[in-house]
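Here the structure is laid out as structure tokens; the discussion comes afterwards.
Where a number appears in this text, it was derived from the coordinates with a stated rule and is not lab data. Only a predicted model underlies this, so the values are computations on that prediction, with no experimental measurement involved. Ideal geometry is used to build each Cβ from the backbone, glycine not excepted, and the neighbour counts take in all protein chains shown.
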Amino acid sequence: MSLDAFTQVNYLPDNTQYSTLGYASIGLSVAGTFTGTITAEGSDDGSTWQQLPIAQGNTQLADNQITTAGSYVVNTVNYALVRLVPSGGFTGTPRVTANVSTRITPAFTLPGF
């Protein structure tokens, strides 16, 4: 599935893959109530997946998961596909709005560094 400039993605726990070719990052707006975590994974080939860092809001502090409603940025440089993955025991139905960008976001600062 390809992301347009602004796409409403009702969160699907079936690991739907989105094409991110030509995009540097995805802004995610997460609304609704849920328990558990959502992670982002990127792939070049659709079979080997790497967990991607996620920055909350306008911060440069990267985390590896989404646990609450809010605004997030996922850097998608060098990945052809991205998917959102729920944790085991995930409940609820958050609404995720994805906004793709060709602009490269600032470097993330990883916790502990």
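With the simple spin-label model, which puts each label point 7 Å out from Cα in the Cβ direction, the Val77 to Ala24 separation comes to 0.7 nm. Given their separation in residues at 0.36 nm each and the Cα-Cα distance between them, Thr67 and Thr91 gain 7.5 nm when the chain is fully extended.
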